[in-house]
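One structure is given below, encoded as structure tokens.
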Amino acid sequence: MREIIENLVADALKEAVAAGDLQLDELPDPSVERPKDETHGDWASTVALKCAKQAHKKPRDIAEALAPRIASSSLVENVEVAGPGFINVKLSPAALQNVFQQVREQGDSYGTCDEGKGRKLQIEFVSANPTGPMHVGHGRWAALGDSIANVLAHAGWNVEREYYINDAGNQMDVYANSVVARYLQAVALIKERSVTFAEAKEILVADLELPQEEQTYLPAMGDNVYGGAYIIDDAEAIYQRDGDAWASPDADPEARRVEFREFGYQRELAHIKEVLDQAGVTFDVWFSERTLHAAGPNGKSAIDVAIDRLREAGYIYEKDGATWFKSTEFKDDKDRVLIKADGDETYFAADVAYHANKFDRGYERVIDLWGADHHGYVARVKAAMKALGFDEQFDIVIGQLVNLLRDGKPVRLSKRKGTIVTFEELLKEVGRDATRYLMLSRSTDQQVDFDIEQAKRQDSSNPVYYVQYAHARICSILRRGAGREDAQDMDALATELAPLDADLSVLTAEPELELARKLSEFPEVVLGCARDLAPFRLTHYAEDLAATFHRFYTQCHVLVEDDPVLSTARLAACDATRRVLRLALSLLGVSAPVRM
């Protein structure tokens, strides 16, 4: 609808110039906006103010010349000139009635656009280390990344989702040491107390429940370990497979460490994939950090190649035996080490190589979604990409954390999982739909206060329930209209009840037109979400649309027995609303139930 009105404004300008009413060498931008005050109409244009200087006329005089030309369209009910030269346009009922038709004809394509023009885009998100369970913060980034990808695809981008597996470096060694320590502790308990591994595990877990100063087994592991009880689960899986063989005095400590690291790594990674599947998140690419360290055909790793590229560009120097990147030349607060004096590569070096690899794979745009704890890392990575020539194509979105509540009170942390409440636990208690919706209900740069009890409520105080109920309510209306309570295919049922060529001219009541106006906003909402990487706006829109429908339903009886034409038209309006609600929820990764 925005494009249609902008074309009317552009045509009015051309007609005024052709008639000699305006002297313009260049036509101004005919863009329009929705007025903040609904009494000012459906659309507003400031085009008269934009071209006043060029036309050597007062803006209001220009607006007066354009207004009747815009009003000549059958899509416009009236045009009003306000203030110094604002042009306010009110759509005709016919234009609004046509919105219902467009939605039903376009179906799931409604609101798509060519913003991305089919260009290749990659979004990388979650990327939790495969050394333990996902926390609720990871869950928020999973919902955000997946929904951003959905919205970008709807806006015409060719989107690929990628998970970066941090499977190299010190954290993997710490993880291996942790599993080894718990395995040896459990085997020692089995032998000393003649217990099973399950009983030994109970002892170790109970130890975690004690105040830190009273614990026996975790302190014995040393400082360079992970303390979560999931480590004991990984050790148990190895024991179930190999028994106590790895506790033998003859066992090679290094071979044991490598075996435990690889076994546990694959186990934790499989679990991450399983939890993401429960959340409805699927990745196209799982990229292993290890591949960046491996030597290629020329004997150099991807990290070596990336550093060479920076060196050739003049941004590398040697100091104190280390290799440095001149990141201060790109507004970072200090230069960054890539290769330490002992020859070890830094995490940053791998990140430079990884992001260079992304662009080498042909992505025209790359988006990273990181947690708030990585905020200080942004400048250096952006600096490296700018040095490599990818500045304008690279975006980093910082996702704030989640405050977990239960009836308004902070949730006690989970000792079972090592001082965190896991994303998996939240999904199991609350469910996918409520979890995803509430994770997306705030702007990315705002923390989410996630109240578990509110998320489980089945009433209007729960926003996801409120929106889903509106969809289910429409499905119920359709079933009643057809007299078929067993119907499942709502698209087919709606088309049967209200054919696409139904007479919509009878929809002239204000609640009907208000519903059409709200439906007409959807394409703009999607475009704004895509441009600003802000899917939270879809939750606000969905709630507004649900509220608008409930008002319509309260004021306009749908199944009018003595007026089949009106009844059919209102069923068509209901169906259009159902389709947009379903589409909005699908972009959020939330289901649209037909019964509740």
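Just a few scattered comments:
- Spin-label pair Asn78/Ala206, simplified geometry with 7 Å Cα→Cβ offset, distance in nm: 8.2
- Considering region 308-368 at the alpha-carbon level, its Rg and Dmax are found to be 12.6, 38 Å.
- Solution diffusion estimate, µm²/s, Stokes-Einstein, region 180-337, Kirkwood Rh from C-alpha pairs, 37 °C, viscosity 0.692 mPa s: 165
- Pairs exceeding 18 Å between alpha-carbon atoms, taken from Lys331/Lys358; Lys120/Lys382; Lys57/Lys90; Lys319/Lys340; Lys14/Lys57; Lys358/Lys386: Lys331/Lys358; Lys120/Lys382; Lys57/Lys90.
- Counting only residues at least eight positions apart within a chain, or on another chain, the lysines with an alpha carbon under 23 Å from that of Lys409 are Lys417, Lys428, Lys456.
- Coarse-grained scattering of region 343-449 at q = 0.15, 0.16 Å⁻¹, given as base-10 log I(q)/I(0) from a Debye sum over alpha-carbon atoms: -0.82, -0.88
- If R0 is 51 Å, the Cβ-Cβ spacing of Asp532 and Asp320 corresponds to a FRET efficiency of close to 0.75.
- Segment Met596..Thr112, full-extension length gain: 171.3 nm, with 0.36 nm per residue of separation and the alpha-carbon distance subtracted.
- Dimensions (Å) - region 29-77, Cα atoms, principal axes, largest first: 30, 24, 18
- The per residue volume of the convex hull around the alpha-carbon atoms of region 67-152 is 207 Å³.
- In the distance distribution for region 1-59, Cα-Cα pairs more than 19 Å apart total 31 percent.
- Computed over region 268-423, Cα set: Rg, Dmax in Å: 18.8, 60
- Spacing of the modelled spin labels on Arg361 and Lys273, each 7 Å from Cα toward Cβ, amounts to 1.6 nm.
- Ligands, DNA and RNA aside, Asp391 has an accessible area near 50 Å² when probed at 1.4 Å.
- Inverse mean reciprocal Cα-Cα distance (Kirkwood Rh) of region 415-512, Å: 17.0
- Spatial offset of region 172-201 relative to region 506-559 amounts to 58 Å, using the alpha carbon center of each.
- With the largest listed first and rounded to whole Å, the semi-axes of the equivalent ellipsoid of region 354-408 from the Cα gyration tensor are 30, 12, 8.
- Here's the list of lysines a cross-link from Lys191 could span, going by alpha-carbon distance under 21 Å and ignoring same-chain residues fewer than 8 apart: Lys201.
- Cα-based values for the chain, radius of gyration first and Dmax second, are 30.2, 102 Å.
- When the convex hull of its Cα atoms is projected in every direction, mean area for region 452-582 (nm²): 9.0
- Summarised as an ellipsoid, region 528-596 has semi-axes of 29, 12, 10 Å, derived from the eigenvalues of the Cα gyration tensor scaled by 5 and square-rooted, with the largest first.
- With N the number of residues in region 1-122, Rg(Cα) / (2.2 N^0.38 Å) evaluates to 1.19.
- Taking Cα atoms only, the orientation of helix 136-154 departs from the longest principal axis of the chain by about 40 degrees.
- Calculated from backbone phi, Karplus (6.51, -1.76, 1.60) coupling profile of region 290-306 in Hz, x at Gly/Pro: 4, 5, 6, 8, 6, 6, x, x, 8, x, 9, 7, 4, 5, 4, 5, 5
- Extension gain (nm, one decimal) between Leu559 and Asp391, 0.36 nm per residue minus Cα-Cα: 54.8 nm
- Estimated FRET transfer efficiency (Asp284, Gln447; beta-carbon r; R0 25 Å; 0.05): 0.25
- Computed over every Cα-Cα pair of region 31-188 and binned at 5 Å starting from 0, the pair-distance distribution P(r) comes out as 2, 7, 10, 10, 9, 9, 9, 9, 7, 6, 5, 4, 4, 3, 2, 2, 1, 0, 0 percent.
- Region 181-245 - Kirkwood radius from inverse mean 1/r over Cα pairs (Å): 11.9
- At the listed q of 0.17, 0.25 Å⁻¹, the Debye profile of region 268-335, built from one uniform point per Cα, gives log10 I(q)/I(0) equal to -0.80, -1.08.
The values are calculated or read from the model by the stated rules, or taken from the named source; none is laboratory data. Note that the coordinates shown come from a computational prediction; the quantities given were computed from them, not determined experimentally. Methodologically, a virtual Cβ is constructed for each residue, glycine included, from the backbone with ideal geometry; neighbour enumeration extends over all protein chains shown. The accessibility values were calculated without ligands, DNA or RNA, using every heavy atom of the protein model including side chains. Shrake-Rupley method; radii C 1.70, N 1.55, O 1.52, S 1.80 Å.
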